[in-house]
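Please read the structure below before turning to the comments.
The values are calculated or read from the model by the stated rules, or taken from the named source; none is laboratory data. These numbers were taken from a predicted model, which means no experiment stands behind them. Every residue, glycine as well, gets a Cβ built from its backbone with ideal geometry; the counts of neighbours run over all protein chains shown.
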Amino acid sequence: MSAAQERFRNIQLQEEFDTHDPKENSLLLPYLRKRSKIIEIVAARDIVFALSQSGVCAAFSRETNRRICFLNGSPDEVIRSLFYNKNNESLITVSVYGSENFSALRCRTTRIEYIWRAKPDAGFPLFESESLKWPGFVEFDDVNGKVLTYSAQDSTYKVFDLKNYTLLYSISDKNVQEIKISPGIMLLIYTRTSCSVPLKILSIEDGTVLKSFNHLLHRNKKVDFIEQFNEKLLVKQEGENLQILDVRNFQLTEVSRTEFMTPSAFIFLYELQLFLTFRNRSVAVWNFRGELVTSFEDHLLWHPDCNTNNIYITSDQDLIISYCKADSNDTSSEENGKTFCIFRHTSLLIYGDMVHLLVRLSYFN
């Protein structure tokens, strides 16, 4: 038996947690009191955080298997996402509020030790000076230890240190359409012309421009995506081949559009120099020579529009755990038709259909 199979062979349900508590939830506004699906689970030390689709977040102790507290600080707070900041042992919540018509993102950080003592109100707000109204955003970059914010009001991107939340530098340019983050660098994608798209590669530490160039495009063809992976640039236009450009020497590799179709999501495996693509319910693994390494044809993801939140990758990037259909031809009920699949992607072999749900939280889906 392989090490991965042995590692997961005896996994079984240990405890069930429920985020719904009619007594506690009575303090919330009506739309937050209803049961709803769990959309995000974060484990930090001996605490499990569960975020429901309605925006209620609860913290549970793995030592006592009891709920510690709810993280919603006010009756109209709808928590949208969670981020565990390992740099300072804290949990960051990103929320919207009914009093603001749910129009602006508000960030708050709370040390894990305060949550453990059931004092979530001991945290403090972050980025209060930023206007994070739609289409503004905040992005947490665990790899580089940075936070990227965008204020649509003045077309300004700002980069903060994830350790102490100090501002490092700003980028004010209305022509920047998108920013992609990769280890050590940022890719700035500018407004395209009819036949090219201006690009800049910056040091993520101080914003220094490392390289600036124009990438040629097919006229009148929509750009499906532009992605950055270290020195590799991935560009795909509608109905065209995938282009893999080495920005060091501008060597170009193309993959036929019949072999590589536009995915709905990517996951880059930096340690292995590979990347995963998700399309419909299928997963494929590619290298940067444009070669298909493997595709998991007998394992279909449960969710047709895969969100990478439904995929877990270990820190060593040696195992992928995903939520799959038990049988690609199975038409049974939703409850019976799901399983967890283990992909060991150092060798890219499949160890599927062997993992059961460890922690079930209020209609986990």
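Might you check whether a residue that is in a loop (DSSP other than H, G, I, E, B), within 20 Å of the chain's Cα centre (by Cα) and without any contact (Cβ under 8 Å) to a residue 24 or more places away in the chain occurs anywhere in region 96-108? I'd like the intermediate steps shown before the answer.
Going residue by residue through region 96-108, those that are in a loop (DSSP other than H, G, I, E, B) are 101-103, 105.
Now drop any that are not within 20 Å of the chain's Cα centre (by Cα), which leaves 105.
Applying the additional criterion that residues be without any contact (Cβ under 8 Å) to a residue 24 or more places away in the chain yields none.
No, there is no match, as no residue in region 96-108 is in a loop (DSSP other than H, G, I, E, B), within 20 Å of the chain's Cα centre (by Cα) and without any contact (Cβ under 8 Å) to a residue 24 or more places away in the chain.
Residue-by-condition table, conditions (1) assigned to a helix (DSSP H, G or I); (2) in contact with a Lys or Arg (Cβ under 8 Å, 6 or more places away or on another chain); (3) at pLDDT 75 or above; (4) assigned by TED's automatic domain parsing to the domain that holds ASP121:
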site	(1), (2), (3), (4)
LYS23	yes, no, no, yes
ARG35	no, no, yes, yes
ILE39	no, no, yes, yes
VAL42	no, no, yes, yes
ALA50	no, no, yes, yes
SER54	no, yes, yes, yes
PHE60	no, yes, yes, yes
GLY73	no, yes, yes, yes
ILE79	no, no, yes, yes
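It is to be established whether one or more residues within region 285-292 are outside any loop (DSSP other than H, G, I, E, B), closer than 21 Å to CYS195 by Cβ and touching a strand residue (DSSP E or B) at 6+ places or on another chain (Cβ under 8 Å). Break it down stepwise before answering.
From region 285-292, those outside any loop (DSSP other than H, G, I, E, B) are 285-287, 292; that's our starting set.
Imposing the further condition that a residue be closer than 21 Å to CYS195 by Cβ reduces the set to none.
The answer is no, given that none of the residues of region 285-292 is outside any loop (DSSP other than H, G, I, E, B), closer than 21 Å to CYS195 by Cβ and touching a strand residue (DSSP E or B) at 6+ places or on another chain (Cβ under 8 Å).
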Which ones in region 233-270 are closer than 19 Å to PRO198 by Cβ, in contact with a Ser or Thr (Cβ under 9 Å, 6 or more places away or on another chain) and not aliphatic (A, V, I, L, M)? LYS236, GLN243, ASP246
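Would you confirm, using the coordinates I've provided, whether PHE83 is in a strand (DSSP E or B), under 20 Å from the mean Cα position of the chain (by Cα) and not assigned by TED's automatic domain parsing to the domain that holds ARG35?
Values: in a strand (DSSP E or B): yes; under 20 Å from the mean Cα position of the chain (by Cα): yes; not assigned by TED's automatic domain parsing to the domain that holds ARG35: no.
No: the conditions fail for PHE83.
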THR93 fails exactly one of (1) at pLDDT 95 or above; (2) in contact with an Asp or Glu (Cβ under 9 Å, 6 or more places away or on another chain); (3) part of a helix (DSSP H, G or I), namely (3)
Every listed condition ((1) in the same structural domain as ARG45 (by TED's automatic domain parsing); (2) within 16 Å of LEU162 (Cβ to Cβ); (3) charged (D, E, K, R); (4) surrounded by fewer than 16 Cβ atoms within 10 Å (Cβ to Cβ)) holds for LYS119 save (2)
Inside region 222-278, can you point out the residues that are of a type outside the set (Phe, Trp, Tyr) and touching a helix residue (DSSP H, G or I) at 6+ places or on another chain (Cβ under 8 Å)? ALA265, ILE267
Conditions (1) more than 20 Å from the chain's Cα centre (by Cα); (2) modelled with pLDDT of 95 or more: number failed by ILE204: (1)
